[in-house]
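Here's the structure, in structure tokens; my notes come after.
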Amino acid sequence: MIKLRDAEIFSQPLKARMPFRYGIATMTEVTHVFLRLTFDFDGRVQAGVAADHLPPKWFTKDPQRPLEEEIEEMLLVIRTALGHARATTAATPFAFWRSLYDAQAAWAQAQGLPPLLAQFGVTLVERALIDAFCRVEKTTFPVALRTNRFGVELGAVHPALAGTQPADWLPAAPPSEVFCRHTVGLSDALTDDEIPDDERVTDGLPQSLTACIRFYGLRHFKLKINGETDRDRSRLARMAEIFVAECGGDYAFSLDGNESFHEVGVFKDYVTGLRATVGDATFWSKLLFIEQPWHRKVALSPAIGELAAAWPDRPPVIIDESDAEISSLPTALSLGYAGTSHKNCKGVFKGAANACLLAQRRAQGLSSMMSGEDLSNVAPVAMPQDLVAQACFGITSVERNGHHYFAGLGQFPAALQQQMLARHPDLFVTSAAGWPRLDVKDGRLKLASALDAPFGYAGELNLSALNPGSL
């Protein structure tokens, strides 16, 4: 049986290289937390680590709430999840997660907290549990998932998958490299001459979109839109020109609506207008999908299904923030969505089950997809763990922008920096400034060392130089 024995939390404040505007928020700094949990696996004791940002204005997009209040709420859901975890005993990692998920969901409902926020605490426990399990079993996440050593019961998440195993639906081997899909934020400079003098970065890494394409060889992009038609049209038209000039015909892009549309029908007119006035047919043939255009208050309403029925030539649209519960994806699919996103902060086992459900639909001849997204997460733990999960789910285009908005591992203790360089030389390289940065080459990331690690990162981490916290 599995039992949680000890829990520690650490933090590291991070400052962004440049302001990052997404949705209603502009990020200039963020707290990055580490959770080290020690589990007892039938008498074998092993620690595992999980980490993530405490991102403002994502879990609950309320422009009126103070940031400090939102951060305290995120810490509350982590502490509550740990309380539920201490009271949980289970035979398998999956059963442990499922019990923890249900306990947290019941508490959140009683407290009036949204599921997306509440389950964030659960996902951190889940990720640390997976890490500890892979270490104590001397296996890797890809092997444990494919051979179902986690004890995943797909039918307990999606009844349509009852009687099947992850290996029935997921790739026989995860891809060893993925496209790094570069995010272009709402206020990001497209060319160097747009950068204000007081915002220019001198750390040796590129800043504008054009400079990033040239430096990293980028080919996949995630373009933020917010429904301001004239502004979005102007920026998209300029980016279309940049992609042709810098990438030729070798590029692809997604659009991220960041819940900007509160009225369902308006979005169809918006997209129709963009298609008619921006770029050409070749440009729009490069569109991968549109991510979460509608606000979560209407995104899973019957009106979406009515719009989908009246819009047969719509581009693929997926949910992201609305993927808050295990029932969210089936609901979205019934309304005409093409699929959902994965990011570890929404749940690893839930993501695995979602990937399997979408693979089942494709096997039935239905168009379905899962995208790879991220919350600007960074190494040494969160980012490689997320990349490993993405690859195992068969996702080959993964949004990565943490390395762009934060200066690699330059703000973390030197021991952690050196460990990443030594253990993951295919994923990191020393920057001109002397700290490790993500090694994006020809627009791709190589994952072999992360896939060969227990769960994302190799070796035991020394977290002693981080800021300790109380739980």
- prompt: When Lys and Arg each count +1 and Asp and Glu each count -1, what net charge do the other residues less than 14 Å away from residue 449, Cβ to Cβ, add up to?
  reply: -2
Formal net charge of residues neighbouring residue 356 (Cβ-Cβ distance under 14 Å; K, R +1; D, E -1): +2
- prompt: Over the chain, what relative contact order in percent results from Cα pairs under 8 Å that are six or more residues apart?
  reply: 19
Packing rank of 3-9, 47-53, where each peptide gets the mean count of other beta carbons within 10 Å, highest leading: 47-53, 3-9
message: Shape verdict for the stretch 168-410, please, from the Cα gyration tensor: rounded (a/c under 1.5), prolate (a/b greater than b/c) or oblate.
response: oblate
- line: For Rg/Rh (Cα atoms, Kirkwood Rh) the list reads (1) 1.05; (2) 0.94; (3) 0.99; the calculated value is entry (2)
query: Of 138, 222, how do they rank once you tally other Cβ atoms within 10 Å and put the fewest first?
result: 138, 222
- prompt: If the cut-off is a Cα-Cα distance under 26 Å, which lysines reach residue 222, setting aside same-chain residues fewer than 8 apart in sequence?
  reply: 15, 57, 61, 268, 286, 297, 343, 346, 350, 441, 446
Local electrostatic count, residue 338, Cβ distance below 15 Å [Lys/Arg +1, Asp/Glu -1]: -3
query: Assigning unit charges at the beta carbon (Lys, Arg +1; Asp, Glu -1) and nothing else, what dipole magnitude in debye, to the nearest 20, does the chain show about its Cα centre?
result: 960
message: With n ≥ 4 as the cut-off for DSSP H runs, can you work out [θ] at 222 nm for the chain, using -39500 (n - 2.57) per run divided by the number of residues, rounded to the nearest 500?
response: -11000 deg cm²/dmol
field: Cα gyration tensor shape of the stretch 215-303, rounded if a/c is under 1.5, else prolate or oblate by comparing a/b with b/c
entry: prolate
query: Fewest to most neighbouring Cβ within 10 Å: what's the order for 123, 28, 210, 202?
result: 202, 28, 210, 123
statement: One finds the C-alpha centres of the stretch 422-471 and the stretch 290-340 to be spaced, in Å, by 35
Inter-label distance, nm, simple model (7 Å from Cα along the C-beta direction), residue 45/residue 194: 5.5
field: Exposure proxy ranking, count of Cβ atoms within 10 Å, fewest first, for 157, 45, 178
entry: 45, 178, 157
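Quick note: the coordinates plus some simple rules give every number you see, no bench work behind them. This is a predicted model, so every value here is computed, not measured. Positions of Cβ are backbone-derived with ideal geometry, glycine not excepted, and every protein chain shown enters the neighbour counts.
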